[in-house]
Each structure stands twice: as structure tokens, then as C-alpha cells.
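What follows is one structure encoded as C-alpha cells, with my remarks underneath.
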Amino acid sequence: ANIGAARAAFFPRIALTATADAPTRAEIAERLALTEAQWFVSSFDRPNIRYNVVQKDNGRRQLLDFLGAHRGEAGIVYCLSRKKVEQTAEFLCEQGFKALPYHAGLEAEVRAGNQRRFLREDGVVMVATIAFGMGIDKPDVRFVAHTDLPKSLEGYYQETGRAGRDGDPAEAWLAYGLGDAVLLRRMIEDGDAGEERKRLERAKLDALIGYCESTACRRQALLAYFGEAHAGACGHCDNCQQPPATWDATEAARKALSCAYRTEQRFGAAHLIDVLRGADTAKVRQFGHQSVSTYGIGGDLDAKQWRGVFRQLVSAGLLEPDIEGHGALRLTAEATPLLRGERRL
């Protein structure tokens, strides 16, 4: 032990990261016994990247609309699964893009060949899994698109950071839906990690959902996550360039929460919206939900507006998906003040 301590005192060690949040940096320092070492953290800001987040509606159409302004440019499209990578690359080729798939399931020779083409040719769109790990030394990536929700803001920022390394304007685009969050929560719970690691991953996912649902400056939210202050109003993100309209949804939120409670917190957003809007579906009849007090009380909002309400409730921590219940939405303790009239939303 003494010899090991002596060696540690004389052998220099350095830990280098790309884009790591504070908990990750702290864990690295602890595991490598570098807690007493000097830390050097530069700015995380990438002012040349424009951040844009859209609510997922028709994913392929939305992706095509986004890529329409980037024809002939190099970029990366991230997908959650290998199957979706293959399907998306094929779809983009059909639409006239020079798109290539990249994921761990490809033969090594094919994967390496696609990587070479991406690095050497102009205008190649690489479609890859979110676990996409090849080191890209390509300065002119003009866009990074996420067709599914990443696992964390840390991962998202690392991946979007592949764009615009030459300093010229670039764009980061993300399409997400509540179903993405439910799927990622299930992946966390089904994983082999210990409870402490799962708790950390859940917190990171919550932060990402909060970022997506935020009506504030995207750059300010991103930098705050990495412990860096920003005044906001960057003028170079969707929320700054086109400020989203907000409305007092307190009553709608109470209706949504009550509906989840009255249906025993066993159902996801789609069914709850049917109940709120008074839909006559087989599932509503099967469970007798046409007789609950919240049936039909939400006809003043359409299904798209209700989906926004449920996303905000999940983002604000008033509802949480029950992984064991296949995404059923359950009330949290944070819902109580709003139901009691002590809080507005």
C-alpha cells in the first residue's frame, strides 16, 4: 500500500473530457483519486450552432422538412435503434439524399467504408444510432438531427457538438414526444445498473425533458446544465427567434390530473385524452370510463393541445410514467398543491 501511495505521488495523471456535466466530472475525479487536483473548465458555449426542438408529430415528414434547407450539406441524423437507422437511411436515399447507415450491427468493413465516405466526400448524411461512437474529425458538419430523444442533455450536447467545428453556422434539430421519454425510462429500469446509477440516469432524463419543454432560451438552459451562466436571449435558438405562446393551463392540468386519478393511474396519455374528450372507443367502454366524473370534461381542447398539457405535467414532475405499468401516468406529490388550488401552471 505504501509503495502504491508513493508511486501515485510521483506519477503524473490527467483526466480529459469532451462535454461532461458536473456529476460526471466529480465521479471521474473521485474514481481516479484526483479530487485534490486542479480543474480547468472552458466555456461550453457554441455560439455558431442554432438549437431547434419540435414536438414529434409525423417524424419522417418533419425530418424531411428540416433537411430541405440542408440539401448537399454534410450532416448526421441520430436514431434510437439500428432498425430505424436502416429504415431512415433508405428513406433519405429515396428522397434524393446521399445517406449512409452507421451502427454496431453492420459488418466492420461496411461500417469503416461508410465512415471513410462521410469523412472524404461532400454532402454525405450519416444516419447513426445514438450510441454512435466514431470520432468524427470533420469540420464542415452543417447539421445534427435527432429523430428520437437522447438519453441525457450531456449526450445531446456532445452529439450536437459535432456540428460546425469550423466555426461556420450549423444547426441542431431535435424531434421528441412523450413516448420517447416512456421508452427511455423503461430502458433505464430494465438495465443492469445499480439503483444509484438508475437514479442518476432518471434525473438526467428529467433534465432533458425539461429542456425540451422549456419556453426559455435554449442556450441559457444548456449552459446552466453544465454550470455556466448565460444571460439568455441568445437570438439564435427557436425559443428566442419565435417565442412560444403560453397560456394559463391550471384548470386543464387539474382536469388531466383528476382523470389520471379517477382511472386508477393505470393508463397512458392517449387513453386519458380519449376520456377527457368523451371519445367512444372500445377501450373506454371496456373499462367503463364513460361513467367516471372526468369523462367528456375536456372537450374544449383538441387532442394535440392535451398532449402538450400531459408533456408539460411530466416535465414539471406532476406526473411520472409507471414503467411497470407500460407507461401509465401516476400523480406525484408535486401534483397536490395544484389540485388544492395553491399553485398555477
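Say we look at region 141-172 and pick out the residues that are of a type outside the set (A, V, I, L, M) and under 17 Å from K56 (Cβ atoms); which of these is most open to solvent (accessible area, probe 1.4 Å)?
So the first thing to find is which residues in region 141-172 are of a type outside the set (A, V, I, L, M), and the list is 142-143, 146-148, 150-152, 154-162, 164-169, 171.
Checking which are under 17 Å from K56 (Cβ atoms) leaves us with 146-148, 150-151, 156.
Values: H146: 0, T147: 13, D148: 12, P150: 1, K151: 120, Y156: 0 Å².
Only one residue fits best here, namely K151.
Hey, could you check region 228-264 for residues that are free of Cβ contacts under 8 Å to residues at least 12 places away in the same chain and either buried (at least 17 other Cβ atoms within 10 Å of the Cβ) or charged (D, E, K, R) (or both) and say which is nearest to R340 (Cα to Cα)?
Step by step, filter region 228-264, then rank; the result is E251.
Failed condition for F267, given (1) open to solvent by 40 Å² or more (accessible area, probe 1.4 Å); (2) not in a helix (DSSP H, G or I), with all others met?
Unmet for F267, out of (1) open to solvent by 40 Å² or more (accessible area, probe 1.4 Å); (2) not in a helix (DSSP H, G or I): (1).
Would region 97-109 turn up any residue that is hydroxyl-bearing (S, T, Y) and free of Cβ contacts under 8 Å to residues at least 60 places away in the same chain? Break it down stepwise before answering.
Pass one, region 97-109, residues hydroxyl-bearing (S, T, Y): 102.
Subsequent filtering for residues that are free of Cβ contacts under 8 Å to residues at least 60 places away in the same chain retains 102.
Scanning region 97-109, I find at least one residue that is hydroxyl-bearing (S, T, Y) and free of Cβ contacts under 8 Å to residues at least 60 places away in the same chain, so the answer is yes.
Could you please give the count of residues in region 280-296 that are touching a helix residue (DSSP H, G or I) at 6+ places or on another chain (Cβ under 9 Å) and either surrounded by fewer than 18 Cβ atoms within 10 Å (Cβ to Cβ) or not in a loop (DSSP other than H, G, I, E, B) (or both)?
First pass over region 280-296, keeping only residues touching a helix residue (DSSP H, G or I) at 6+ places or on another chain (Cβ under 9 Å): 280-281, 283-284, 287, 289-290, 292-296.
Right, trim to either surrounded by fewer than 18 Cβ atoms within 10 Å (Cβ to Cβ) or not in a loop (DSSP other than H, G, I, E, B) (or both) and you get 280-281, 283-284, 287, 289-290, 293, 296.
Qualifying residue count, region 280-296: 9.
I'd like to know if region 188-199 contains one or more residues that are out of contact with any His (no Cβ under 8 Å at 6 or more places or on another chain) and under 23 Å from Y51 (Cβ atoms). If you could, list the steps in order and put the result at the bottom.
Of the residues in region 188-199, the ones out of contact with any His (no Cβ under 8 Å at 6 or more places or on another chain) are 188-199.
From the residues that got through so far, the ones that are under 23 Å from Y51 (Cβ atoms) too are none.
Scanning region 188-199 turns up no residue that is out of contact with any His (no Cβ under 8 Å at 6 or more places or on another chain) and under 23 Å from Y51 (Cβ atoms).
Considering region 319-344 alone, what residues qualify as being of a type in the set (A, V, I, L, M) and modelled with pLDDT under 90?
Filtering region 319-344 down to residues of a type in the set (A, V, I, L, M) leaves 319, 323, 328-329, 331, 333, 335, 338-339.
Scanning region 319-344 gives L319, I323, A328, L329.
Conditions first: (1) open to solvent by less than 50 Å² (accessible area, probe 1.4 Å); (2) more than 30 Å from P243 (Cα to Cα). E90 passes all but one, so which condition is the exception?
Here E90 clears every test but (1).
The values are calculated or read from the model by the stated rules, or taken from the named source; none is laboratory data. These numbers were taken from a predicted model, which means no experiment stands behind them. Methodologically, a virtual Cβ is constructed for each residue, glycine included, from the backbone with ideal geometry; neighbour enumeration extends over all protein chains shown. When the accessible area is computed, the model is the full protein with side chains, heavy atoms only, and any ligands, DNA or RNA have been set aside. Shrake-Rupley method; radii C 1.70, N 1.55, O 1.52, S 1.80 Å.
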